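Everything on this sheet refers to the single structure shown next.
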Amino acid sequence: MNELLDGILLVFNFQTLLVILLAALFGVFVGAIPGLSATMAVALLVPITFAMEPTAAIAAIITTAAMAIFAGDIPGTYLNIPGTPASAAYVADSAALGRAGRAREALGLNVTCSVIGGLTGTLVLVMIAPSLAEFALNFSSFEYFWLAVLGLGSAVFISTGSAVKGFLSLMVGLLLATVGLDMVTGAPRFTFDVPDLMGGINFIPVMIGFFAMYEVMKLYSIPRDKANAQDATQTIAPQHGSVFGLVPTHLKRYWKNVIRGSSLGAFIGALPGAGADIAAWICYAVSKKRSKTPEAYGKGHVEGLVDAGSANNAAVAGAWVPALVFGIPGDSITAIVIGVLYMKGMNPGPTIFMDNSAMAYGLFTAFFVANLIMLPIGYLAIRSAHVFAVTPTRVLMPIILCFCIVGAFAINNSLTDVWIMLVCGIVAYLIATADFPIAPAILGLVLGNILETNFMTSMIKADGNLLAFVERPISIGLALLVLLVALFPVLAKYWRMRYPRALPLSKEAIE
C-alpha cells in the first residue's frame, strides 16, 4: 500500500502534471499532421526527457503516444489522410462521415472509445504485469534468448505485408546492433576506426532518422507543384452537430464492440512486435466479419470506428506488458521506452517491481491520468481541428528537421550521432520506398543486443551444448511458441484455402 501511495504522489505533483499537459498538446499537434506517426512524436520527445525526473519522462512518453494515436483520426476524418498508421484501418469510414458533415460526431466517438480502450488496456497492464513478473523471476538466459527470438519473429510474421521483406528489414536492425565491441573477445566490429562507435550505435539517433528524417525526406521527394497542389486541396466540408451529443447513443448500441475491441486490442498489443497499428486492422476486420451490416463498412459506418478506435489505445498499454516484465518491446514506442528506462537507471525486467515498485505504480497512475486527460484535450483539438488539418506540411518540415538535428546532437554532444541520424534517414527512405516495413528494423536494433548477450551467456554456461536451450520446461515451451510463430504464414494460408470465408489476416484482404 505504501508503494501505491508513493507511486501516486510521483504523478500528482505540479511538475509531472504540467509535463503531462504539455505532452498531451505536443502529441495532439504531431498526431494531427498527416504522415507524422506517434513513434516519431515519441522519438522527438526523448532528448527533452533527459533533463526530467524518471516518472515525468515516462509519463510524457505515455501521454504523447496516446494523444498522437487519437489525433491521427483528425486529418483522416477531414482530409481522408490518416495522421498515424493506426488511423488508416478505418479512415474510409471517418472520411465518409466528414464529407457528410459529421466529423465532430465521428471524432467525439473516436476520442471516447480511445479513452475506454486505453483505460481497459491499463487495467490489463496493472493486473497482468506484476503477476507475470513473479513468474518471470524463474527465467534464465536461456528463456530470455527465446523471448528475444519470439519478439523478432513476431515483428516479422504478425505485421502485415511481405514476411520476406519484414525479415530483410529485421536483418538491417540486427546488423546495426552488431556495431561496437564484441562482448566475449572485446574486438571492435564495424567501427571503421571511429572512437564514438566503440560503444555501439545509440538507438535514439536511429529512431529519429528512421521516423522523423524519413518523413522529411519523403515530403521533399515529392515534386513542388504536386506538393503545393496537395496543400491547396486541403478543404474541409461544412460541419454540424456537437462533439459528444450522439456518443451515448452509439455506445449504448455498440457496447459489445467496445468491450471486444478493448480486450482484443490489449491482447494484441501485448504480443511482441504487434502494437496499435496491427490491433486496429485486426479489430476492424473482426468487427466487419461479425457485423450484421458488413456492406456498410467503408461508407461512413460508426461500428468499425468503435472497434478499431477502442483497440488502438488499448494496444498502447498492452505493449508495455512485455516491455516492463521481460524488457522485450511490444512495439516501436516501447522500444524507445526501454532505452529511456536504461538511461534513467531502471532496468526493465521482473525485478523492476521489487527494486522500483513506487516507479512501477507511478507508471500505472500515469497511464490512467494520460487517458483521462485525453477527453478535455481531445475536445479542444476537435473544436479547433481545421487548424491542424490545413497547416501546410512544407511549413512544418523545416522545423521538424531542426528538431531532428538538435535532438540527435544533444544525446552525446557528438556529430557522429547526427551523421548516424542522417544515414538512417536515407536507409529508411530507401527501404520504405521499396515497400519494406521499418518497424522490424527498429526492433532488430533494440533486441539484437539482448539476443546476442543471452545467447553467448547461455553458450558459456552450457559449455557449447545447444541442447541446453531446450532442456528447461519454460525454455522448451518458448521454443515451441517460436516454432508456431514461424509456421504461422503457412498455417494461415492453409486455413484460408480450407475455409475461404474465414477472417482476413491482412490489410489487402479487407475490402
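Note on region 417-470: Cα Rg divided by 2.2 N^0.38 Å, N the number of residues, gives 1.66.
The distance linking region 340-366 with region 449-488 is 26 Å (Cα centroid to Cα centroid, whole angstrom). Taking packing as the residue-averaged number of other Cβ atoms within 10 angstrom, the listed peptides 105-118, 177-190, 5-18 run from highest to lowest as 105-118, 5-18, 177-190. Note on residue 342 and residue 383: the model spin-label points, each 7 Å out from Cα along the C-beta direction, lie 4.4 nm apart.
Take each peptide in 253-266, 299-312, 422-435, count the other Cβ atoms within 10 Å of every residue, and average; sorted highest first, the result is 299-312, 253-266, 422-435. If you look at the Cα atoms of region 1-71, you get an Rg and a Dmax of 12.8, 44 Å.
By average Cβ neighbour count within 10 Å, what is the ranking of 451-463, 55-67 from highest down?
On the way: 451-463: 15.9, 55-67: 27.2.
Highest mean packing first, the order is 55-67, 451-463.
Per the Debye formula on identical point scatterers at the alpha carbon atoms of region 259-333, with no solvent, log10 I(q)/I(0) at q = 0.17, 0.24, 0.25, 0.26 Å⁻¹ is -0.56, -0.89, -0.94, -0.99.
Applying a threshold of 18 Å to the alpha-carbon distances of 292/493; 299/493; 256/292 flags 292/493; 299/493 as lying beyond it.
Please give the length that would be gained between residue 467 and residue 218 if that part of the chain were fully extended, namely 0.36 nm times their separation in residues minus their C-alpha to C-alpha distance (nm, one decimal).
Numbers: separation 249, 0.36 × 249 = 89.64 nm, distance 4.73 nm.
Taking residue 467 through residue 218 to full extension adds about 84.9 nm, to one decimal.
Read-outs: derived from the displayed coordinates by stated rules, not from any lab. Values in this document were obtained by computation on a predicted structure and should not be read as measured data. No Cβ is skipped: glycine too gets one built from the backbone with ideal geometry, and neighbour counts run over all protein chains shown.
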